[in-house]
Structures are given as structure tokens and as C-alpha cells.
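Engineer: After the C-alpha cells below, expect a handful of questions from me.
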Amino acid sequence: MSLPKQVRLVEVGPRDGLQNEQQPISVTDKVRLVNDLSAAGLSYIEVGSFVSPKWVPQMAGSAEVFAQIQRKAGVTYAALTPNMKGLEAAIEAGVKEVAVFGAASEAFSQKNINCSIAESLARFAPLMEAAREHDIRVRGYVSCVLGCPYEGEVAPAKVAEVARELYAMGCYEVSLGDTIGTGTPGKTRTLFDTVAREVPRERLAGHFHDTYGQALANIYASLLEGIAVFDSSVAGLGGCPYAKGASGNVASEDVLYMFSGLDIATGIDLDSLIGAGQRISQLLGRANGSRVARARQAG
Ligand code: HMG
Ligand code: MG
């Protein structure tokens, strides 16, 4: 099968990455990160979340971050919104694109958003309606698509069912999240093959955490399934507060390097992206999670 010629990267570092950092990060530093990412050529940046600060304190300053970023033309600045309250706060902050997030595992749904899968979908319905009225595009996430920290194996058919619901209620794209990074390439292909029977491939995205070091291989497997949108995180920042031990998303720099080796265009400048990753890693006092960045720094 031929690979896509062009791929879109969804940068989730400022949200998925920073939501899991223990130390507080100032609004100024978050704004700097977002501006660095847009300067590197990222055209889609998930900036923050409008969730309960009791659940995820790290995302508490998201409205201020949105108020202070330099908005570059052609760049989508998005936020997570779990319910109407989140959407209202996002609208107030001038956000034009949001994401709802559900799960393919009941236990994870309870731990992450304090409700069942069915309840979460019911909660999203009025949000979708209000978003439509405000001309706000909504992306959908399904978590635990290749395994759950509480339930173990997750059936691809269950993922397909939740993805279909999100798509049917108006999510223009559904991103499948390997929240704990246990997936492998064969399972990834089976997953997309199954879900694509319910949601068109061009409306699906891959979101791989790299806990088991499988993320790049899983992205390649997804490309073979005709998937052309991937979520990644600069410097491999992050994890999930409700999936203990889960490491960050696959590093954007590493994904970009692989794509350039496959002649797949993204419009992103690798050196600038490495610079952005180095800056935030130093600020957080952590090792840069991108292998490519580490190699370039050493070289
Ligand atoms: P709940 O406690 O069931 O909510 O939480 P509630 O409606 O009963 O409200 C309780 C309190 O929260 C009230 O405040 C509400 O006002 C407040 P109080 O009266 O007690 O002071 N509240 C809010 N505050 C701010 N923003 C809001 C909001 N909603 C209610 N939007 C809720 C339910 C969904 C709010 C909570 O569970 C929550 O915020 N969860 C967020 C979890 C989260 O952000 N997880 C990480 C992101 S998902 C992820 O990382 C996976 C992904 O990357 C894909 C993958 O890797 O798989 C996307
Ligand atoms: Mg994630």
C-alpha cells in the first residue's frame, strides 16, 4: 500500500504534555511554548483544557494562556472541554476549536471524567449543539483503544462503537488514543481496520503514548492503514494523570524525522521544533524525551 504524501500533526504538548507535570508552570512559560510551536510551523496546537482544576490543576490557567498567545494566521489553537461548563469557558476565552474526550473502557471513563461511557456521550450532545451554534469545530478522542490500565484488553469493536457515536454526533475527526502505550503495530492495524468500517479513514487520527517504545512503529502501521493525522508532543512531554505509569506522547521531533525519511510533507521545521523542545525540557528540568533531539544535541 502506498503511504500518504502529506500528513497533519496535531501538537498536544502544551495540553497532554503539561497536564501531567508535577511542578507548576507559569502562564508566561506556557505561552512561550505555544508561540515557539507555531513559529516552528505547527498548524494545530492543543493549548490547554477547560476541565475541573480540582481534577487537573496544571490546566487551571488555560484561559489566560489563550488570552496571551500570539495567534498566527492558519494555526488552529484548540482546547479540551469535557462538558458544557468547559465549552462555555472556552467560548469566553475565544476558542474556535475544542475536543471532547471519551473512552472505550468503562473503568477509565469513571476515573477520568467521573461517568460511564453512555453518560459521557449524553453529556457531549448538548455541547455539540452549542458548539455548532457558535461555529466551533469539535474533535473527538477515544481513550484506551489498545489497552486500559484498569481493564486490560479492550476490544476493537468497542472502540469502533464509541468512535461511531462521536462521529455521528458531529465530531469532524476522531482521534484514537493509546493512552498507556501498550499497543503494537499488528494490533494497531487491526484496530484501524475495524474502526474504519464505522468512521471513514480520512476522519480518523492516531494518538500514541510511547510507554512501551512502540509509538513510531504504531504510526507507521497506521500510515499503512491510510491514516494521515497524528497527535504528538514536543520533547515527548506528558502522560495521563489517570493512567499511572503512562509516559508521554510520541515526540513530535521523532515523528517529523521519520516522516521526512518517508518523503511525507508536514511543513514543520525540525530545527526550530528541537529548539522549542529543548527550551521546555530545560525549564522543567527534565531530560528531553525526543531521541532525535538528544542525538542532535550530542552531535
Ligand atoms: P465531576 O466532579 O463529576 O463534575 O467531574 P460535576 O459536574 O459534578 O462538578 C463538580 C465540580 O467541578 C463543580 O465545582 C463544578 O463547577 C466543577 P464545585 O461546585 O465543586 O466547586 N466543574 C468544572 N470546573 C471547571 N471546568 C469544567 C468543570 N466541570 C465541572 N469544565 C469532570 C467531571 C469531567 C469535570 C472532571 O472529571 C474533570 O474535569 N475531568 C478532567 C479529566 C482530564 O482532564 N483528564 C486528562 C485529559 S484526557 C487525556 O489525557 C486522554 C487523551 O490525551 C487521549 C489519550 O491519551 O487517550 C485526550
Ligand atoms: Mg493522551
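Conditions (1) in contact with a Gly (Cβ under 6 Å, 6 or more places away or on another chain); (2) touching a residue at least 12 places away in the same chain (Cβ under 8 Å), marked per residue:
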position	(1), (2)
PRO200	no, no
GLY206	no, yes
ASP210	yes, yes
TYR242	no, yes
GLY275	no, yes
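Engineer: A follow-up question, please. Among the residues of the range 118-156, which ones are under 19 Å from GLU88 (Cα atoms), among the charged types (D, E, K, R) and surrounded by fewer than 16 Cβ atoms within 10 Å (Cβ to Cβ)?
Structural biologist: From the range 118-156, those under 19 Å from GLU88 (Cα atoms) are 120-140; that's our starting set.
Still in the list and also among the charged types (D, E, K, R): 123, 129, 132-133, 135, 137, 139.
Those that are under 19 Å from GLU88 (Cα atoms), among the charged types (D, E, K, R) and surrounded by fewer than 16 Cβ atoms within 10 Å (Cβ to Cβ): GLU129, ARG132, GLU133, ASP135.
Engineer: Which residues, counting only those in the range 33-43, are in a helix (DSSP H, G or I) and touching a residue at least 40 places away in the same chain (Cβ under 8 Å)? Step through it out loud before you land on a result.
Structural biologist: Initially, the range 33-43 is screened for residues in a helix (DSSP H, G or I), giving 33-39.
Hits for the range 33-43 are LEU33, VAL34, ASP36, LEU37, ALA39.
Engineer: Further question: Under 8 Å by Cβ, and 6 or more places apart or on different chains, what pairs join a residue from the range 1-19 that is more than 16 Å from ligand 2 (Cβ to nearest atom) with one that is part of a strand (DSSP E or B)?
Structural biologist: These pairs meet every condition: LYS5/ALA265; GLN6/ALA265; VAL7/VAL229; VAL7/PHE230; VAL7/ALA265; ARG8/TYR44; ARG8/VAL229; ARG8/PHE230.
Engineer: Output the number of the condition that ARG137 fails; it satisfies all remaining conditions of (1) within 28 Å of LYS244 (Cα to Cα); (2) within 20 Å of the chain's Cα centre (by Cα); (3) more than 11 Å from ligand 1 (Cβ to nearest atom).
Structural biologist: Tallying (1) within 28 Å of LYS244 (Cα to Cα); (2) within 20 Å of the chain's Cα centre (by Cα); (3) more than 11 Å from ligand 1 (Cβ to nearest atom), ARG137 fails exactly one: (1).
Engineer: Can I ask one more? Evaluate the range 88-96: report whether one residue or more is crowded, with 17+ Cβ neighbours inside 10 Å, in a helix (DSSP H, G or I) and charged (D, E, K, R).
Structural biologist: So the first thing to find is which residues in the range 88-96 are crowded, with 17+ Cβ neighbours inside 10 Å, and the list is 89-91, 93, 95.
Keeping just the survivors that are in a helix (DSSP H, G or I) gives 89-91.
Within this subset, residues satisfying the condition of being charged (D, E, K, R) are none.
Taking every residue of the range 88-96 in turn, none turns out to be crowded, with 17+ Cβ neighbours inside 10 Å, in a helix (DSSP H, G or I) and charged (D, E, K, R).
Engineer: Identify the single condition in (1) within 14 Å of ligand 2 (Cβ to nearest atom); (2) modelled with pLDDT under 95; (3) of a type in the set (Ser, Thr, Tyr) that SER232 does not satisfy, given that it satisfies every other one.
Structural biologist: (2)
Residues are listed down the side, and each one gets a yes or a no for (1) in contact with a helix residue (DSSP H, G or I) (Cβ under 6 Å, 6 or more places away or on another chain); (2) in contact (Cβ under 8 Å) with a residue 24 or more places away in the chain; (3) more than 16 Å from ligand 1 (Cβ to nearest atom):
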site: VAL31; (1), (2), (3): yes, yes, yes
site: ILE45; (1), (2), (3): yes, yes, no
site: LYS54; (1), (2), (3): no, no, no
site: SER62; (1), (2), (3): no, yes, no
site: ILE69; (1), (2), (3): yes, yes, yes
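Engineer: Take the residues of the range 188-247 that are in a loop (DSSP other than H, G, I, E, B) and under 22 Å from ALA40 (Cβ atoms): which is nearest to ligand 1 (Cβ to nearest atom)?
Structural biologist: Here the residue is GLY238.
Engineer: For TYR242, state whether it is under 30 Å from VAL27 (Cβ atoms), surrounded by fewer than 24 Cβ atoms within 10 Å (Cβ to Cβ) and of a type in the set (Phe, Trp, Tyr). It would help to see each step written out before you state the result.
Structural biologist: Numbers: under 30 Å from VAL27 (Cβ atoms): yes; surrounded by fewer than 24 Cβ atoms within 10 Å (Cβ to Cβ): yes; of a type in the set (Phe, Trp, Tyr): yes.
Answer is yes for this residue.
Engineer: Determine if the range 101-111 includes at least one residue that is within 16 Å of ligand 2 (Cβ to nearest atom), surrounded by fewer than 23 Cβ atoms within 10 Å (Cβ to Cβ) and under 25 Å from THR188 (Cα atoms). Lay out the reasoning, then the answer.
Structural biologist: Of all residues in the range 101-111, those within 16 Å of ligand 2 (Cβ to nearest atom) come to 101-105, 108-109, 111.
Checking the rest, the ones that are also surrounded by fewer than 23 Cβ atoms within 10 Å (Cβ to Cβ) come to 101, 111.
Retained after the next criterion (residues that are under 25 Å from THR188 (Cα atoms)): 101, 111.
So far as the range 101-111 goes, yes, one or more of its residues are within 16 Å of ligand 2 (Cβ to nearest atom), surrounded by fewer than 23 Cβ atoms within 10 Å (Cβ to Cβ) and under 25 Å from THR188 (Cα atoms).
Engineer: Do the conditions hold for ALA118, that is, is it more than 13 Å from ligand 1 (Cβ to nearest atom), within 25 Å of PHE192 (Cα to Cα) and more than 21 Å from the chain's Cα centre (by Cα)? Break it down stepwise before answering.
Structural biologist: Details: more than 13 Å from ligand 1 (Cβ to nearest atom): yes; within 25 Å of PHE192 (Cα to Cα): yes; more than 21 Å from the chain's Cα centre (by Cα): yes.
Against the criterion (more than 13 Å from ligand 1 (Cβ to nearest atom), within 25 Å of PHE192 (Cα to Cα) and more than 21 Å from the chain's Cα centre (by Cα)), ALA118 qualifies.
The values are calculated or read from the model by the stated rules, or taken from the named source; none is laboratory data. Remember, predicted model here, so these are calculated numbers, not experimental data. Counting neighbours? That spans all protein chains shown, and the Cβs are built from the backbone with ideal geometry, glycine included.
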